[in-house]
Amino acid sequence: ETYIQTTYFTRVLHRANLRLRVMSGGQYDLLRRVEAGLKGQVGLDLDVVDHWNGTVRGVETLSGGESFLASLALALGLAYEIQSSAGGVQLDTMFVDEGFGSLDGTTLDTALSVLQQLTEGNCLVGIISHVGRLEESIPQQIRVKNGEKGSSLEIVC
């Protein structure tokens, strides 16, 4: 069971690293930890390779914004691995909830660029966020507004 999990996990990581390298400006790759950690099974824990200073360290050392990018890259890697190995399964929609507030302006632009590339195919990407800068960057929106009589929706195209 662990062998099969690690095989698929390695494939997901390969696909995730293609996105993470772009979003981190070539700084990071995710790496499957080979020795057993204190909490996890052998082969299912993650480290991060920092190409800028040549170190390998645990993913828990990433900052909030870096963790968000790594999580987004893993989600994209998993989605593409499922599509490629599930024989006809097509994932057309992805929702990303929050996390954008932890990114600096440059990293936010890079993450949005990666998500924009997804929408150029047949993928719909929904972003759930309170970050004002996203409101300026995304032309099509569904805004939820709270009112005295409940919530209302506003569609912006």
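General remarks:
- The chain - percent of accessible surface contributed by carbon and sulfur, probe 1.4 Å: 54
- Spin-label model, Gln27/Cys123: points 7 Å from Cα along the beta carbon direction are separated by 2.3 nm.
- For the residues Asp47, Asp92, a 1.4 Å probe over the protein chains yields an accessible-area ranking, largest first, of Asp92, Asp47.
- Positive-end extreme of charge dipole, the chain - chosen from Leu115, Gly25, Tyr8 (charges on Cβ): Tyr8
- Temperature 20 °C, viscosity 1.002 mPa s: under these conditions the Stokes-Einstein estimate for the range 77-142, based on its Kirkwood radius over C-alpha pairs, is 164 µm² per second.
- Accessible area (Å², 1.4 Å probe, nearest 10) - Glu154: 70
- Here the gap between Gln141 and Ser71, fully extended at 0.36 nm per residue and compared with their Cα-Cα distance, gives a gain of 22.8 nm.
- Between 0 and 90°, nearest 10: helix 2-23 axis offset from the chain longest Cα axis: 50
- Solvent-accessible area of Val34 with every protein chain in place, 1.4 Å probe, in Å² to the nearest 10: 110
- Unit charges on C-beta of K, R, D, E only; dipole of the range 43-157, Debye: 300
- Residue-normalised accessible area of the chain, given per residue in Å² at a 1.4 Å probe: 63
- Cα-based shape type of the range 5-157, given that a ≥ b ≥ c are square roots of the gyration tensor eigenvalues and the cut on a/c is 1.5: prolate
The values are calculated or read from the model by the stated rules, or taken from the named source; none is laboratory data. The shown structure was predicted, so the numbers you read here are calculated from the model rather than taken from an experiment. Please note: Cβ atoms are built from the backbone with ideal geometry, for glycine as well, and neighbour counts cover all protein chains shown. Just so you know, the surface numbers come from the protein's heavy atoms only, side chains and all, with ligands and any DNA or RNA stripped out. Shrake-Rupley method; radii C 1.70, N 1.55, O 1.52, S 1.80 Å.
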